[in-house]
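First comes the structure, then the notes that go with it.
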Amino acid sequence: MSISQQSIEDKVYAGERLTVEDGLFLEEHVETLQLGQWANVVRERKNGNFAYYNTNIHLNPTNVCVYRCTFCAFRSDLKSDKSYVFSDDMVRERVMEAKASGATEIHVVGGLHHLKKFEWYVNLVRVIHETWPEIHIKAWTAVEINWFAHLTKQPYSWVLEQMRDAGLGSLPGGGAEIFDQSVREQICEHKADSQSWVDIHRAAHELGLRSNATMLYGHVEAAQHRIDHLCQLRALQDDTGGFQTFIPLAFHPENTGMAYIPKPTGNMDLRMVAISRLMLDNFDHIKAYWIMLGEAIAQVALGFGADDIDGTVVHELIYHDAGAKTPEGLPVEQLLRMIREAGREPVERDTLYRRVHRDGARWTIGEPVMR
Ligand code: V47
Ligand code: SF4
């Protein structure tokens, strides 16, 4: 049967999987409001009217990095005035700040500092865990895990076990960018390739660690690369079921090696959210990361397939170095207002999508959120 709006609509309503060709049709022939309407059907089937948020804090322990991804405004050379490295005391201070602000998660990613040994990175996780054992540590992208395997000459599973024993709770989704090799050669030539990214997330899932997945869009990639990326993630999720959420990441060009490329428009952002929701039929959640999208688009995205807006992130550097104009953090009242105004029911979740119950300054983790 040839592909048409009708054939796709039939599949969406019947809950059938969309093919690569369907994905390309969505990209090339379907207008944005139509994509949003279909994606909303899937979103409400999976998550009802809930919109999740969490209370978290970011820690980027160093910006010194051996790699030079052309889309990155965050990295620094060792000798640059901009370079920094967190000491153990600075890490403890950040954790105590997280505790005081009621955060349930600390999100840790940074550069790959060529003078730091693997033990420095493991120790960082240990210091966080020992300072406050209740906080969930979501740390290290697959690119970092790949670097640790390179440093130690050990398999990914060994690296992940060391981290887990030190207190690691799950992996964030960064470093995926666009899986296609010809695109990677233009934007992140030297770092972990797509096969390594997939192998690391598979190894994490096999150890029982959950992880997230991302896609960086709006730079030199084309529609076929985005659909290929989504289908590769979907295939891995079929095998392991270990992904929790997918986060489409809008490219921020300022201060990067690709500053000549205009920032993706709100229309493109909403299309990416909707197409992700439609293609990733085996992912429970799609996150509209307000830090990157801005509050307005993140709010509208809750009707275009997204069911999560991430958290009250504070101390975010990666996108703010690249020109993000959003605040570094939002008070929870503001997140609740965004969600309620969009007609959704806010649910505070922890990293593993369990309900968070609050009683004044104390919080407890409840049951997994079910629709
Ligand atoms: O891999 C870097 C991206 C990622 C830029 O798992 C940029 O919950 C846009 O993965 N413009 C790291 N993007 C951050 C990340 C993430 C973020 C939020 C939540 C989660 C999660 C994960 O940031 C990198 C890269 O794709 N990035 N520079 C830039 N100029
Ligand atoms: Fe380094 Fe990550 Fe920036 Fe690439 S994106 S240069 S790996 S900090």
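Express as a percent, rounded to the nearest 5, the fraction of DSSP beta bridges in region 5-368 (both residues included) that run antiparallel. It would help to have the intermediate numbers written out before the result.
Details: 7 of 35 bridges.
Around 20 percent antiparallel, to the nearest 5.
Where in region 22-39 does the label zone of ASP10 land, with the point 7 angstrom along Cα→C-beta and an amide N cut-off under 16 Å?
22
With angles folded into 0 to 90 degrees, how steeply does helix 20-29 sit against the dominant principal axis of the chain? Use alpha carbons for both and round to 10.
Approximately 70 degrees, to the nearest ten.
Check each of the trypsin sites (Lys or Arg not before Pro) in region 18-54 and keep only those in coil by DSSP with at most 14 other C-beta atoms within 10 angstrom; list them in order. List each step's numbers first, then the result.
Numbers: sites: ARG43, ARG45, LYS46; in loops: none.
When the trypsin sites (Lys or Arg not before Pro) of region 18-54 are filtered for loop state and at most 14 Cβ neighbours within 10 Å, nothing remains.
Would you mind getting me the FRET efficiency between ASP239 and SER87? Use the beta-carbon distance for r and R0 = 30 Å, nearest 0.05.
On the way: r = 41 Å, r/R0 = 1.36.
Working from the Cβ atoms, E equals 0.15.
Compute the acute angle (0 to 90°) between the alpha-carbon long axis of helix 32-47 and the principal axis of greatest extent of the alpha-carbon atoms of the chain; round to the nearest 10°.
With rounding to tens, the tilt is 70 degrees.
Of all trypsin sites (Lys or Arg not before Pro) in region 111-184, which ones are in loop regions per DSSP and have a Cβ with at most 11 other Cβ atoms within 10 Å? Intermediate values should be presented prior to the final figure.
Numbers: sites: LYS116, LYS117, ARG126, LYS138, LYS153, ARG164, ARG184; in loops: LYS116, LYS117, LYS153.
Here the sparse-neighbourhood loop sites are LYS153.
Given a 1.4 Å probe and every protein chain left where it sits, what share in percent of the accessible area of the chain is carbon and sulfur? Could the numbers behind the result be given before it?
Values: 7490 of 14910 Å².
Exposed carbon and sulfur together represent 50 percent of the surface.
Given a 1.4 Å probe, how much area per residue of region 5-368 is accessible, in Å²?
On the way: 14180 Å² over 364 residues.
Heavy-atom accessible area per residue stands at 39 Å².
Can you find, among THR70, THR141, GLN299, the residue sitting farthest towards the positive end of the charge dipole of the chain, where Lys and Arg contribute +1 and Asp and Glu -1 at Cβ?
So the residue furthest toward the plus end is THR141.
For ALA296 and GLU119, what does the FRET efficiency come to when R0 = 45 Å and r is the distance between their Cβ atoms, rounded to the nearest 0.05? All intermediate terms of the calculation are to be shown ahead of the outcome.
On the way: r = 44 Å, r/R0 = 0.98.
Once rounded, the FRET efficiency stands at 0.50.
Determine by what factor the alpha-carbon radius of gyration of region 169-276 differs from 2.2 N^0.38 Å, reporting the quotient. If you can, show how the numbers build up before the last one.
Details: Rg = 14.0 Å, N = 108, 2.2 N^0.38 = 13.0 Å.
Here the Cα radius of gyration is 1.07 times the empirical estimate.
Which one, TYR260, TYR67, TYR217, has the greatest fluctuation when you compute a Gaussian network model over the chain with C-alpha springs under 10 angstrom?
TYR260
Determine which lysines satisfy two conditions relative to LYS287: a Cα distance under 27 Å, and not lying fewer than 8 residues away in the same chain.
Partners found: LYS11, LYS46, LYS99, LYS138, LYS191, LYS263, LYS325.
In whole angstrom, how far apart do the alpha carbon centroids of region 326-371 and region 14-28 sit?
32
Along region 112-124, what does the Karplus equation 6.51 cos²θ - 1.76 cosθ + 1.60 (θ = phi - 60°) give for ³J(HN,Hα), rounded to whole Hz, x for Gly and Pro?
Once θ is set to phi - 60°, the couplings for region 112-124 become 9, 7, 6, 9, 9, 7, 3, 4, 4, 6, 5, 4, 4 Hz.
Can you give the FRET efficiency for ILE3 and ASN255, using 1/(1 + (r/R0)^6), R0 = 41 Å, r = Cβ-Cβ distance, to the nearest 0.05? Can you show the working numbers first?
Values: r = 41 Å, r/R0 = 1.00.
In this case the efficiency is close to 0.50.
Counting other Cβ atoms within 10 Å, which GluC sites (Glu not before Pro) in region 303-357 have at most 15 and lie in a DSSP loop? Mind showing how you got there, number by number?
On the way: sites: GLU316, GLU328, GLU333, GLU341, GLU348; in loops: GLU316, GLU328.
In loop regions of region 303-357 (DSSP not H, G, I, E or B), the sparsely surrounded GluC sites (Glu not before Pro) are GLU328.
Can you compute the charge dipole magnitude of region 5-368 about its Cα centre, using +1 on each Lys and Arg Cβ and -1 on each Asp and Glu Cβ, nothing else charged? Give it in debye, rounded to the nearest 20. Walk me through the numbers before you get to the answer.
Details: 37 positive and 51 negative charges, 125 e Å.
For this selection, approximately 600 debye.
The values are calculated or read from the model by the stated rules, or taken from the named source; none is laboratory data. Just so we're clear, the structure is a prediction, and the values are computed from it rather than from any experiment. Neighbour counts run over all protein chains shown; Cβ positions are idealised from the backbone, glycine included. Surface accessibility is based on the protein's heavy atoms, side chains included, excluding ligands, DNA and RNA. Shrake-Rupley method; radii C 1.70, N 1.55, O 1.52, S 1.80 Å.
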